[in-house]
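Novice: Take a look at the following structure, please.
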Amino acid sequence: MERKISLSDLRRVAEEAYEHVKNLPDGQADQRIECGDKKTFGISIVLTDGTIVNVGDTDVRMPMGDIVKIPVHEMLLTQRSVDDIIRMSGEGERCKGEKPRKPHGLGVSPHGIRAVSALEPKGDPDSKWNLMVDNLIDLMGGEAPVLDVRLYETLQAQNKTAGVKEAIENFGYTLYDDAGLSIDLYTRLTAMRASSAQLAMMGATIAADGVCPRGGNHVFDGSLSQTIVGMMAAMGPHRISKPWLVATGLPAKSGFGGGVFGVLPGIMGIGAVSPGLNGAGTSEKGTKAIAYIMNKLGLSVFSSAKVTILKD
């Protein structure tokens, strides 16, 4: 079965989604973030051939938060096997009833800290940081995300108050590099700001089997894309992973900064930014806009139909 969607229809539906959602209640922005105009709202779609659809405030950058787990795991997959990553994540232990309890009140995710700790090189924070940032730049087509220094300092202060290092050690989270180094690097990553356009380009690079649509740079081995998308489906947007996947059919990830991005393999990446969060801690407008687009166009990662976007 084959479905054909015109580029003009894709643009029209993106504009419809923007108009449908833009006047809805904004939700509450994370108080740690200086978000400027709380009405900021942008939707971006990047096809695997490089075609871009932007609606709204698509150049405004918001903190990525836990969205950075996806590029971190992409890097891990280039260094280690899937079995190694599962073992190191502790997921295999859960089957034995040995699941570590998750610490609460921390500034950043202990899972993210552990993932960064597993990256090579170990014991060399500058080299590891440069490697992670260069990877983000490649995924986003050469446009670098920007570190929000004030947010980074705020998160680090929260980490210190909450006793992140002690909490991780006491609750059974094994780290593979120095704890302080790993906490600092992951905290810095979550404070990196990116726009909906950058998030969509990152999604499109994953959708295109590791080839960035802007410039054709091979960022990672294309055979890893299906595993990355599988991780996105499993992780999902914050606290709504299962209902989100059922309702939209789109593997996605969100962050506390109001950003969310998704990947439709072989077709496109989609990103949205709006700082107001719903009760689950995901972008109120961003998630609703993306869900609108997916459902209006009848798109789903679970569909058997081959989808082609026709140029007008």
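Novice: Using the beta-carbon distance between GLU166 and THR227 and R0 = 30 Å, what value does 1/(1 + (r/R0)^6) give for FRET efficiency, to the nearest 0.05?
Specialist: Efficiency computed from Cβ-Cβ geometry: 0.35.
Novice: Rounded if a/c is under 1.5, else prolate if a/b beats b/c, else oblate: with a ≥ b ≥ c from the C-alpha gyration tensor eigenvalues square-rooted, which is segment 1-92? Don't jump to the answer; show the numbers that get you there.
Specialist: Details: a/c = 2.62, a/b = 1.33, b/c = 1.98.
Verdict is oblate for segment 1-92.
Novice: Turning to a different aspect of this structure: For ASP37, ASP84, what's the largest-to-smallest order of accessible area, 1.4 Å probe?
Specialist: Working: ASP37 95, ASP84 50 Å².
Listed by decreasing accessible area, they come as ASP37, ASP84.
Novice: Under 1.5 on a/c is rounded, so check that first for segment 200-263, then, if it is not, pick prolate when a/b is larger than b/c and oblate when it is not; a ≥ b ≥ c are the square roots of the alpha carbon gyration tensor eigenvalues.
Specialist: Numbers: a/c = 2.61, a/b = 1.75, b/c = 1.49.
Prolate, since a/c reaches 1.5 and a/b exceeds b/c.
Novice: HN-Hα J couplings of segment 135-151 from phi, Karplus 6.51/-1.76/1.60, θ = phi - 60°, integer Hz, Gly and Pro as x?
Specialist: 5, 4, 4, 5, 4, 8, x, x, 9, 7, x, 10, 6, 8, 4, 5, 5
Novice: Rounding to the nearest 20 debye, state how big the charge dipole of the chain is about its Cα centre with +1 on each Lys and Arg Cβ and -1 on each Asp and Glu Cβ.
Specialist: The dipole magnitude comes to about 880 debye.
Novice: Now a separate question. With the Cα gyration tensor of the chain in hand, give its eigenvalues times 5 under a square root as the equivalent ellipsoid semi-axes, listed largest first in whole angstrom.
Specialist: Numbers: eigenvalues 185, 94, 66 Å².
Sorted largest first and rounded, they come to 30, 22, 18 Å.
Novice: When you count, for each residue, the other Cβ atoms within 10 Å and take the mean per peptide, how do 233-243, 4-14, 259-269 rank with the highest first?
Specialist: On the way: 233-243: 18.0, 4-14: 16.1, 259-269: 25.8.
Top to bottom by mean Cβ count within 10 Å: 259-269, 233-243, 4-14.
Novice: For segment 225-252 and segment 1-56, what is the separation of their Cα centres, given in Å?
Specialist: 18 Å
Novice: Quick one: Karplus J couplings for segment 279-286, per residue in order, coefficients 6.51, -1.76, 1.60, θ = phi - 60°, nearest Hz, x for Gly and Pro?
Specialist: x, 8, x, 10, 4, 4, 6, x
Novice: Students often forget the sequence filter, so: which lysines lie under 22 Å Cα-Cα from LYS38 once same-chain residues fewer than 8 apart are removed?
Specialist: Partners within reach: LYS22, LYS253, LYS285, LYS288.
Novice: Turning to a different aspect of this structure: Can you give the FRET efficiency for ARG12 and LYS38, using 1/(1 + (r/R0)^6), R0 = 35 Å, r = Cβ-Cβ distance, to the nearest 0.05? Numbers along the way, then the final one.
Specialist: Details: r = 27 Å, r/R0 = 0.78.
The calculated FRET efficiency here is 0.80.
Novice: Can you compute the modelled spin-label distance between ASP49 and ASP126, with each label point 7 Å from Cα toward Cβ, in nm?
Specialist: For ASP49 paired with ASP126, the spin-label model returns 4.6 nm.
Novice: Considering only DSSP states other than H, G, I, E and B, which GluC sites (Glu not before Pro) in segment 1-69 qualify as loop sites with at most 16 other Cβ atoms within 10 Å?
Specialist: On the way: sites: GLU2, GLU15, GLU16, GLU19, GLU34; in loops: GLU34.
Filter output for segment 1-69: GLU34.
Novice: Return the carbon/sulfur percentage of the accessible area of the chain, one whole number, probe 1.4 Å, all protein chains in place. Intermediate values should be presented prior to the final figure.
Specialist: On the way: 6540 of 13260 Å².
Ligands and nucleic acids excluded, carbon and sulfur give 49 percent.
Novice: Excluding residues fewer than 8 places away in the same chain, name every one of the lysines whose C-alpha is closer than 22 Å to that of LYS165.
Specialist: Hits, sequence-local ones excluded: LYS69, LYS99, LYS102, LYS122, LYS128.
Novice: Same structure again: Give me the Kirkwood hydrodynamic radius of segment 236-312 in Å, from all C-alpha pairs, to one decimal place? If you can, show how the numbers build up before the last one.
Specialist: On the way: mean 1/r = 0.0790 Å⁻¹.
Result for segment 236-312 stands at 12.7 Å.
Novice: Highest first, please rank the peptides 281-287, 251-257, 68-74, 177-183 by the mean number of other Cβ atoms sitting within 10 Å of their residues.
Specialist: On the way: 281-287: 26.9, 251-257: 28.4, 68-74: 23.4, 177-183: 19.1.
Top of the packing list down: 251-257, 281-287, 68-74, 177-183.
Novice: Most fluctuating residue of ASP209, ASP148, ASP126 in a GNM of the chain with Cα springs under 10 Å: which is it?
Specialist: Answer for the Gaussian network model of the chain: ASP126.
Novice: Turning to a different aspect of this structure: Toward the positive end of the charge dipole of the chain, about the Cα centre and with charges on Cβ (Lys, Arg +1; Asp, Glu -1), which of SER303, VAL53, ASN159 goes farthest?
Specialist: Of the options given, the answer is SER303.
Novice: Further, regarding this structure: If you take the C-alpha gyration tensor of segment 143-302, multiply each eigenvalue by 5 and take the square root, what semi-axes do you get, largest first, in whole Å? The partial results should precede the final answer.
Specialist: Details: eigenvalues 159, 71, 53 Å².
Value: 28, 19, 16 Å, ordered largest first.
Novice: Further question: With bins 10 Å wide starting at 0, give me the P(r) of segment 127-202 over every alpha carbon pair, in whole percents.
Specialist: 17, 42, 29, 11, 0
Novice: Still on this structure, please answer the following. Where a ≥ b ≥ c are the square roots of the eigenvalues of the C-alpha gyration tensor, would you call segment 189-232 rounded, which needs a/c under 1.5, or, failing that, prolate if a/b is larger than b/c, or oblate? All intermediate terms of the calculation are to be shown ahead of the outcome.
Specialist: Numbers: a/c = 2.10, a/b = 1.30, b/c = 1.62.
In terms of gyration-tensor shape, oblate.
The values are calculated or read from the model by the stated rules, or taken from the named source; none is laboratory data. Quick caveat, the model's predicted, so the values are computed rather than measured. As a convention, Cβ positions derive from the backbone with ideal geometry for all residues, glycine included, and neighbour counts pool all protein chains shown. These area figures cover heavy atoms from the full protein model, side chains too; ligands, DNA and RNA do not enter into them. Shrake-Rupley method; radii C 1.70, N 1.55, O 1.52, S 1.80 Å.
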